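Before anything else, here's the structure in question.
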Amino acid sequence: MAVLWGGRFTKETDDKVFNFNESLSFDKRLYAVDINGSKCHAKMLGKQGIITKEESESIIEGLDSILKDIENGTLAFDNKCEDIHSFVEDNLTKRIGDAGKKLHTGRSRNDQVALDMRIYTKNEVLLLKELLTSLLKVLLEKMKENTDTYMPAFTHLQKAQPTNLAHYIGAYTEMFLRDRDRLSDIAKRMDYSPLGAGALCGTTYPLDRDYTADLLGFSDATYNSMDSVSDRDYLIETLSACSIIMMHLSRFCEELIIWNSNEYRFVEMDDAFSTGSSIMPQKKNPDIAELVRGKTGRVYGALVSLLTTMKGLPLAYNKDMQEDKEVAFDAFDTVKDCITLFTGMIDTITFNKDIMAKSAMKGFTNATDAADYLVRKGIPFRDAHGIIGTLVLKCIEKDCSIEDLSIEELKDICDSFDVDIYEAISLKTCVEKRCTKGAPGDILNAIKRYEEII
Ligand code: ARG
């Protein structure tokens, strides 16, 4: 066992305690950000004359060689070390001797891990934004291809009014745009370097915290050393943004699963994104959409787990905080995979346009438009609503749509009907005349905006 704190102890750590306490098995993925943070710290120590220029250079060279050896596979993570920070320091001293022991001057693992997690999360936020942009680009293409693909829109899963597929996809586009904005907001709030906060109350060495913040690409250094080492808000915010992304993906997946069902057949998933059954040869299942929907729970779990871990913690660092890593890493990996898989799935899906349009023509999706027609003929809306209700009842009895009734039958119910009713309640009119901002008839304007901002 190689620990950084053996001095005041008279016994070796119990094996079970070591295994329970260690984090190298999962924080090893922080190696690159840890090494970079240490290089910047060493550079600053040299600049400030806290260690000599030669020591600083030798530390930086040693750290570079560790990074190189981890990446080319010649340096394996030694499970005798407690965490990634101990591993790197231990290895550095083996490589460069005594200068290695000076790296930790004016630093604690508390500000070190706070820095590592922050930079790691910042990078993940950037990756998530890029993945969302790729998804948004695919959605924009699908929108452009489907401005006149008519379909029913639903409330309570009941057909409500007609729309076009571009408008439907536009709704999800708005959600993913908000998700991307949310990540940008979080990135701004987390853009402060905690390095130099020390264990919790800073240090007596003349550290230049603004210099390391700058070297590390932060906009500023944090303003309270106790908060710096105990703040995991940025991680909770990111997990919250991830949870909302998953909620959106899950809703879209649910729609696609319904649309892919034998009853709907609005869509056909590509064979490359579907799976079969071991017993029923006819089956082609939407497993990817179901898995994305299913993995949503796991990401919510990470958020609730970290919120719960943090809720009772007094200032400043407590070991409980080590529990942030596994859940956060798992959530980041899961969300990245889900966005990527979902993007491929939606890119290759076939929309059965005829079936969608036929469905829009059934189920009285034009009933509101029929009522609006009567309003234009001078009938108050509430009365028009009642008249069309009666009309719908008649249609249900005859098992037909409003437009299947003859003009005589229509006039029987209300004298204000004329032959122009058929044009007024055609699918095309119903969709295209709804051109208030954000409505299906306004879709070309919406697409123009998406082309600028995606
Ligand atoms: N492995 C620890 C973590 O992930 C690093 C910080 C350890 N600090 C300490 N005072 N024990 O939080």
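The values are calculated or read from the model by the stated rules, or taken from the named source; none is laboratory data. As the structure is a prediction and not an experimental result, all values here were calculated from the model. Because the Cβ atoms are built from the backbone with ideal geometry, glycine has one as well, and the counts that use them run over all protein chains shown. Accessible surface areas use protein heavy atoms only, side chains included; no ligands, DNA or RNA. Shrake-Rupley method; radii C 1.70, N 1.55, O 1.52, S 1.80 Å.
Can you give me the relative contact order of the chain as a percent, contacts being Cα pairs under 8 Å and 6 or more apart? List each step's numbers first, then the result.
Values: 595 pairs, mean separation 72.6, N = 454.
Answer for the chain is 16 percent.
While we're looking at this one, here's another question. Among the listed pairs Lys137/Lys428; Lys68/Lys94; Lys43/Lys102, which are separated by more than 21 Å between their Cα atoms?
Lys137/Lys428
Just from the alpha-carbon atoms, what are the Rg and Dmax of the chain in angstroms?
When restricted to Cα atoms, the chain yields Rg and Dmax of 30.6, 101 Å.
Quote to one decimal, in nm, the extra length available between Gln158 and Glu451 on full extension: 0.36 nm per residue of separation minus the C-alpha distance between them. Write out the running numbers ahead of the final one.
Values: separation 293, 0.36 × 293 = 105.48 nm, distance 3.21 nm.
Value of the extension gain: 102.3 nm.
Using just the helices of the chain, give the 222 nm mean residue ellipticity in deg cm²/dmol: DSSP H runs with n ≥ 4 each add -39,500 (n - 2.57), and the total is spread over all residues, rounded to 500.
About -20000 deg cm²/dmol.
Right, here's the next one. Taking only Cα atoms, what is the 0 to 90° angle, nearest 10, from helix 165-189's long axis to the longest principal axis of the chain?
Its long axis makes an angle of about 20 degrees.
At 1.4 Å probe radius, can you tell me the per residue accessible area of the stretch 160-228 in Å²?
43 Å²
What nm value, rounded to one decimal, do you get for the distance between Asp69 and Lys47 when each label is placed 7 Å out toward the C-beta?
Those two pseudo-labels are separated by 2.8 nm.
For the stretch 254-294 and the stretch 7-27, write down the distance between their C-alpha centroids in whole Å.
Rounded to whole Å, the Cα centres lie 48 Å apart.
Less than 11 Å Cβ to Cβ from Phe273, Lys/Arg counted +1 and Asp/Glu -1: what total charge do the surrounding residues give?
-4
Treating cross-link reach as a plain straight distance, find the lysines whose alpha-carbon is under 17 Å from the alpha-carbon of Lys311, omitting any fewer than eight places away in the same chain.
Leaving aside lysines fewer than 8 places away in the same chain, those within reach of Lys311 are Lys319, Lys325.
Another question about this same structure. Stretch Ser261-Tyr422 to full length: gain in nm at 0.36 nm per residue minus the Cα-Cα span? All intermediate terms of the calculation are to be shown ahead of the outcome.
Numbers: separation 161, 0.36 × 161 = 57.96 nm, distance 3.21 nm.
Using 0.36 nm per residue and subtracting the Cα-Cα distance, I get 54.8 nm.
Something else now. Using 0.36 nm times the number of residues separating Asp354 and Lys101, minus their current alpha carbon distance, what extension gain do you get?
83.9 nm
Could you sort the peptides 386-392, 326-332 by per-residue average Cβ neighbour count (10 Å cutoff), highest mean leading?
By packing density, highest mean first, the sequence is 326-332, 386-392.
Output the peptides 220-233, 176-189 sorted from most to least packed, where packing is the average of other Cβ atoms within 10 Å over each peptide's residues.
220-233, 176-189
In this model, which of Lys142/Lys284; Lys142/Lys437; Lys411/Lys437 are farther than 26 Å apart at the alpha-carbon?
Lys411/Lys437
Does anyone have the angle between helix 287-310 and the longest principal axis of the chain? Alpha-carbon axes, 0 to 90°, nearest 10?
Tilt relative to the chain: about 50 degrees.
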